[in-house]
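Reviewing the structure listed below.
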Amino acid sequence: MNIHIRPEIEALKDSIISKDTKIGEGTVIISGSTINIGTNIGNHCLVNTNSTIEHDNCFYDFSSCGPGSTTGGNVNLGKLSYIGIGSTINNQINIEFELVFYDQKILISYPTIIADISALKLIEKNSYHKDIKKIYLINNSKNFEIDKKIESEIILIDMPIHINDFFERVANDVVQEFNQNKQIVNFQDYNYDFNARLLFHKNKSLRFTEKENEIFACLLNYNDKPISKKKLLMDIWKYDDQIDTHTLETHIYSLRKKLESKLGLKNFLKHLDEGYQLDTSLL
């Protein structure tokens with residue numbers, strides 16, 4: 001394995017970082033961590049003490065892992081997500097913010113956080129609100145002002161409140177947002193809900209990750225025509241210099257496996273010389 005200590009990053013002198021690892025702006029790697037080949041760490045992330053990040057991981061912006069955590073190969077840690085202390089994440093796991101409500105998993109389709117006054121001040125200071133649509137603000141003080149520059153929607157939660165009542169409030173908001181904004185595309189006897197990242201077929205359903213969903217939507221929009229790797233990278237990653245074709249291929253592989261295992265769509269996502277294509281003749 002081709003790994004080395006990167007001398008240009010002083011904070012990493014006690015860590016082992018693969019030569020082709022890409023680390024974004026503002027990211028901190030704490031002592032004793034190991035990051036293996038093909039991994040992309042986004043902006044303002046935290047890899048805590050003695051963490052092991054295996055090959056071909058992707059940590060999106062503002063994600064973090066606790067001390068002593070370990071991820072297997074091809075793990076995606078979504079934006080604003082967190083892996084707790086000592087956690088072990090198996091291979092090919094995608095971690096996103098999900099909310100369990102009435103025995104159904106409803107994917108929150110926008111960045112949402114829970115904060116108190118001190119956390120809100122940190123959000124203001126670092127302009128994190130530009131990436132956060134909704135903030136549930138735990139309010140235990142009557143004397144505070146919210147910066148008018150904050151672009152996020154702020155919902156005040158007055159204390160005291162029972163934890164079950166709080167989560168029911170959040171769940172109701174998510175369901176309402178979901179019902180208002182869902183967009184359904186019907187093709188053959190399949191129903192595709194872009195905002196919910198769900199593909200339905202009879203009594204079966206498949207949930208996509210954020211990037212899988214964007215890839216599938218792009219492929220579906222091309223109507224049986226192949227789309228090039230370059231076009232997919234431009235449309236989905238906006239030519240992000242931290243993303244290479246290997247990252248795209250990892251997402252394509254995961255998407256293809258899901259389509260086959262969940263819905264029985266073998267060879268539905270084809271790899272051609274011109275790029276990638278959905279073969280709707282198989283439906």
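Derivation of every value follows stated rules applied to the coordinates shown; laboratory data play no part. These numbers were taken from a predicted model, which means no experiment stands behind them. Cβ atoms come from the backbone with ideal geometry, glycine included; neighbour counts cover every protein chain shown.
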Checklist entry - Counting only residues 5 or more places away or on other chains, whose amide H sits under 5 Å from the amide H of THR34 once H atoms are built in the peptide plane? => result ILE16, SER51, THR52, ILE53
Checklist outcome for this item: Row for the range 3-95, column shape: gyration tensor on C-alpha, a ≥ b ≥ c, rounded if a/c < 1.5 i.e. under 1.5, prolate if a/b over b/c, else oblate; value rounded
Item to check | Furthest towards positive pole of dipole, LEU206, ILE227, THR280, structure part the range 184-282, Cβ charges | outcome: LEU206
Checklist entry - Of SER51, SER69, how do they rank once you tally other Cβ atoms within 10 Å and put the fewest first? => result SER69, SER51
Next on the checklist: Strictly over 30 Å apart at the Cα level, which of LYS202/LYS230; LYS22/LYS211; LYS134/LYS257; LYS79/LYS204 would you flag in this model?
Outcome noted: LYS202/LYS230; LYS134/LYS257
Next on the checklist: If each residue of separation counts as 0.36 nm, what is the full-extension length gain between ASN43 and LYS121 once their alpha-carbon separation is subtracted?
Outcome noted: 26.1 nm
Checklist outcome for this item: By Cβ neighbour count within 10 Å, fewest first, THR39, THR49, THR27, THR280 rank THR280, THR49, THR27, THR39
Checklist entry - Taking a ≥ b ≥ c as the square roots of the eigenvalues of the Cα gyration tensor of the range 51-90, is the shape rounded (a/c under 1.5), prolate (a/b larger than b/c) or oblate? => result oblate
Checklist entry - Which residues in the range 251-265 place their backbone N less than 14 Å from a point set 7 Å from the Cα of ASN91 along the Cα-to-Cβ direction? => result 254
Item to check | Over the range 184-282, relative contact order from alpha-carbon pairs under 8 Å, at least 6 apart, % | outcome: 25
